[in-house]
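Okay, so here's the structure we're looking at.
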C-alpha cells in the first residue's frame, strides 16, 4: 500500500529570494514537493533569482514509486497547468522582468507544456519530453537533461522531439548523463539520486538561466 506524507504550506507556493529579481518556477516530480527542492530553490536564490515552488499534489508527497504512480494518476493536468500559470504570474507580480521554469519528470513535462503558451522566457526540463499530441511550438530557449538509462520517455523519441523544436526555431541545449536513470536529481529519494549528475545538472541549469534571464 502506498504511503504519503503531509508537506508544509499545502497547496501554496513556497517563495525564496528577493522579490523583483528574475524569477524561476521550480516544479516537482511525481514524488511531490519533497525537502530537497527547498535546498535547490535556496541555491538558485543565492544566484540572484526569486524562486517560486508550487505544490501540484494538494499537500502530500511520497518517497515510494507506488505512491508516485498514484499521485500522477490523480493529477488533473488542466489544474496543474493553471497552478504553474499562477506561479509565473506571482513572479511577474513581484516585479520579475523575466521568468524561467525548471521542471523535473512530471514537472518537466508540464513546464514544457506551459512554455508553449509563451508565458516563460526559458525552460529547463529534467528527464521529460513531449509527444506529438502536445502540438505547438516552444518560443523560448530550452535546456534538456537526459538520463542514459531506463525508459523515462514512455516510448517517445527524444531526438524527434528535439528536431521538431529546432525546425520551429527553438534554441535547444541538451546534456546526457551516463549511467543515470529517471529521478537522478531527487535528493530526498536516495535510491534515485546520482549526486555527481545532480550537481552537474544544477550548475548547467544555473548557467543557462543566468544567460537567459539576468541582464
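The values are calculated or read from the model by the stated rules, or taken from the named source; none is laboratory data. In this text, all values refer to a predicted model and were calculated from it rather than measured experimentally. Note that each Cβ is placed from the backbone with ideal geometry, even for glycine, and that neighbours are counted across all protein chains shown.
Residue by residue, here is whether (1) outside any helix (DSSP H, G or I); (2) within 30 Å of residue 62 (Cα to Cα) holds:
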{"residue": "169", "(1), (2)": "yes, no"}
{"residue": "179", "(1), (2)": "yes, yes"}
{"residue": "183", "(1), (2)": "yes, yes"}
{"residue": "188", "(1), (2)": "yes, yes"}
{"residue": "192", "(1), (2)": "yes, yes"}
{"residue": "197", "(1), (2)": "no, yes"}
{"residue": "204", "(1), (2)": "no, yes"}
{"residue": "209", "(1), (2)": "no, yes"}
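On the given criteria, is residue 91 surrounded by 20 or more Cβ atoms within 10 Å (Cβ to Cβ), at pLDDT 95 or above and over 17 Å from the mean Cα position of the chain (by Cα)?
no
Looking only at region 149-170, filter to residues that are in contact with a strand residue (DSSP E or B) (Cβ under 8 Å, 6 or more places away or on another chain) and at pLDDT 90 or above; which one of those is surrounded by the fewest Cβ atoms within 10 Å (Cβ to Cβ)?
166
Among 26, 71, 14, 34, which is within 16 Å of the chain's Cα centre (by Cα) and buried (at least 21 other Cβ atoms within 10 Å of the Cβ)?
Numbers: 71 fails: within 16 Å of the chain's Cα centre (by Cα); 14 fails: buried (at least 21 other Cβ atoms within 10 Å of the Cβ); 34 fails: buried (at least 21 other Cβ atoms within 10 Å of the Cβ).
Of the residues listed, the single one that is within 16 Å of the chain's Cα centre (by Cα) and buried (at least 21 other Cβ atoms within 10 Å of the Cβ) is 26.
Collect the residues in region 38-57 that are within 22 Å of residue 73 (Cα to Cα) and either surrounded by fewer than 17 Cβ atoms within 10 Å (Cβ to Cβ) or touching a strand residue (DSSP E or B) at 6+ places or on another chain (Cβ under 6 Å) (or both), keeping them in residue-number order.
Within region 38-57, 53 is the sole residue that qualifies.
How many residues does region 112-133 contain that are surrounded by fewer than 21 Cβ atoms within 10 Å (Cβ to Cβ), in contact with a helix residue (DSSP H, G or I) (Cβ under 6 Å, 6 or more places away or on another chain) and either under 18 Å from residue 185 (Cα atoms) or modelled with pLDDT under 90 (or both)?
The number of residues fulfilling the criteria is 0.
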